[in-house]
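Written below as structure tokens is the structure these notes are about.
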């Protein structure tokens, strides 16, 4: 991983993380109507996630993984229960306030990258910063260049998505997610569309963001290999946690970039 110049609050790998949970879910439930039927993808869920933790969520389709991810990311709101992220009660925020909160505090990483095809890597990464009127062009450029350096793509900033490999596209997407320096990253199957080598490189990058930059990461995955990269794995079934695995090994899976 190249030396970076991001103005993140870098945390040493030996720093003791706070005992106060960064994410706190208490009796968290989500229900909605499907026709005349009430569907409850999450029911009375309790969960604590520490600051800087890398958590993997696993479970069959329909188990509530993506629902929980979207609640934590402030994309959706709980029906009952409470959800605190970084000390903020997300259940009390209006849609407008949630949008503002996401822009400042949460980066989202998708399986299929969701890059704008007509924009360069640099321009795709810059998009979240355009929402911040306090940043001028020079400040935005510095942040984007630093994010590109961190993900190992300093020489690909002027390339469009069609000129990049799948692994490189996902690293651009990660750079876009971290460029505004959010404390929380949520990732929905971030390696699901990648070959094993590229997937390992993405997992190593996520692990570094957790261990060296104290980013709290919640990742949904169906891949047991990907889950091993996380510091903890939880299993969901029918909206409830059914297993809490011991911490996984933090040994790097690869040392090169896609």
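The values are calculated or read from the model by the stated rules, or taken from the named source; none is laboratory data. Quantities reported herein were computed from a predicted structural model and do not represent experimental measurements. Glycine also receives a Cβ, built like all others from the backbone with ideal geometry; neighbour counts cover every protein chain displayed.
Does the stretch 108-120 include one or more residues that are in contact with a strand residue (DSSP E or B) (Cβ under 7 Å, 6 or more places away or on another chain), outside any loop (DSSP other than H, G, I, E, B) and on the phi < 0 side of the Ramachandran plot?
To start, the set of residues in the stretch 108-120 that are in contact with a strand residue (DSSP E or B) (Cβ under 7 Å, 6 or more places away or on another chain) comprises 108-111.
Now drop any that are not outside any loop (DSSP other than H, G, I, E, B), which leaves 108-109.
Now narrow it down to the ones that are on the phi < 0 side of the Ramachandran plot: 108-109.
Among the residues of the stretch 108-120, at least one is in contact with a strand residue (DSSP E or B) (Cβ under 7 Å, 6 or more places away or on another chain), outside any loop (DSSP other than H, G, I, E, B) and on the phi < 0 side of the Ramachandran plot, which makes the answer yes.
Can you tell me how many residues in the stretch 164-189 are within 17 Å of residue 201 (Cβ to Cβ) and assigned to a strand (DSSP E or B)?
2
Quick one: which of 186, 172 is in contact with a strand residue (DSSP E or B) (Cβ under 8 Å, 6 or more places away or on another chain) and modelled with pLDDT of 95 or more?
186
Determine the pairs where a residue that is on the phi > 0 side of the Ramachandran plot and in contact (Cβ under 8 Å) with a residue 40 or more places away in the chain, located within the stretch 212-236, has a partner that is in a loop (DSSP other than H, G, I, E, B) and buried (at least 21 other Cβ atoms within 10 Å of the Cβ) with Cβ atoms under 9 Å apart, the partner being 6 or more residues away or on another chain.
Here the result reads 214/52, each pair linking the stretch 212-236 to a residue that is in a loop (DSSP other than H, G, I, E, B) and buried (at least 21 other Cβ atoms within 10 Å of the Cβ).
Looking at this structure, is residue 135 closer than 30 Å to residue 50 by Cβ and crowded, with 16+ Cβ neighbours inside 10 Å?
no
Considering (1) more than 22 Å from residue 191 (Cα to Cα); (2) touching a helix residue (DSSP H, G or I) at 6+ places or on another chain (Cβ under 8 Å); (3) outside any helix (DSSP H, G or I); (4) in contact (Cβ under 8 Å) with a residue 12 or more places away in the chain, say which one residue 144 fails and leave the rest.
Answer for residue 144: the failing condition is (3).
Which residues, taken from the stretch 25-62, are in a loop (DSSP other than H, G, I, E, B) and within 30 Å of residue 213 (Cα to Cα)?
Result: 51, 52, 53, 59.
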